[in-house]
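Written out below as structure tokens is the structure these notes cover.
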Amino acid sequence: MIDLLFWIFSGAAIGSAVLVVTLKDPVQSVMSLVITFFSLAAIFVLLDAHFLAAAQIIVYAGAILVLVTFVIMLLDLRAGDITGPTRMVAGRFLGVGAAAALFMALWSRVVQANLDRFPELTEGHGTVERIARVILIDNILPFETVSVLLLVATVGAVWIARREDT
């Protein structure tokens, strides 16, 4: 049953991710991204990583998508505004071919991997305490750098939009 659910959520995640990059309307792309994030959260639940599933929903489906939607609404993007060479047929075939080649290369590495070399998981692995220790003690500099980067991007978007109004 878990295998079937995994394939269902994986298919939903891949399908909605393809819709993110192929839909013309930016708001519809964001809604497809919501489906992608929720599908990934469901896969985390199937892997017994409940904390990561909750963080996926709270951080990505909550905060990041609100920020992306805010920027799309702020810039007033419409479906007809996005044009250009991305609609070329040859470019699409090249992109699909590159993605297929990358998939086959990664798949061959996964199949050839020696899965016995991975250590056994210790008691408490994946708990909130262990994850918090890794993020907030061991990797505090990258964590805070990403926080500052998101803040600067938000302030910059608001500043650019406000500057155009005057």
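The values are calculated or read from the model by the stated rules, or taken from the named source; none is laboratory data. The model shown is predicted, which means the values in this text are computed figures rather than measured ones. With ideal geometry, Cβ positions are generated from the backbone for all residues, glycine too; neighbour counts draw on all protein chains shown. These area figures cover heavy atoms from the full protein model, side chains too; ligands, DNA and RNA do not enter into them. Shrake-Rupley method; radii C 1.70, N 1.55, O 1.52, S 1.80 Å.
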TODO: Name every residue in the range 14-41 that is touching a helix residue (DSSP H, G or I) at 6+ places or on another chain (Cβ under 8 Å), more than 18 Å from residue 64 (Cα to Cα) and assigned to a helix (DSSP H, G or I), in order of residue number.
DONE: 19
TODO: Would you please name the residue that is nearest to residue 61 (Cα to Cα), looking only at residues in the range 1-13 that are in contact with a helix residue (DSSP H, G or I) (Cβ under 8 Å, 6 or more places away or on another chain) and among the aliphatic types (A, V, I, L, M)?
DONE: 13
TODO: Under 8 Å between Cβ atoms, at least 6 apart or on separate chains: pull out the pairs that start in the range 49-72 with a residue that is farther than 30 Å from residue 160 by Cβ and end on any residue that is at pLDDT below 85.
DONE: 49/126; 51/126; 51/127; 51/128; 51/131; 52/126; 52/131
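Take residue 45 and tell me if it is part of a helix (DSSP H, G or I), of a type in the set (A, V, I, L, M, F, W, C) and open to solvent by less than 50 Å² (accessible area, probe 1.4 Å). Step through it out loud before you land on a result.
Working: part of a helix (DSSP H, G or I): yes; of a type in the set (A, V, I, L, M, F, W, C): yes; open to solvent by less than 50 Å² (accessible area, probe 1.4 Å): no.
The answer is no for residue 45.
In the range 99-158, what residues are hydroxyl-bearing (Ser, Thr, Tyr) and modelled with pLDDT of 80 or more?
Let us first name the residues in the range 99-158 that are hydroxyl-bearing (Ser, Thr, Tyr), namely 108, 122, 127, 145, 147, 154.
145, 147, 154 - these are the residues of the range 99-158 that are hydroxyl-bearing (Ser, Thr, Tyr) and modelled with pLDDT of 80 or more.
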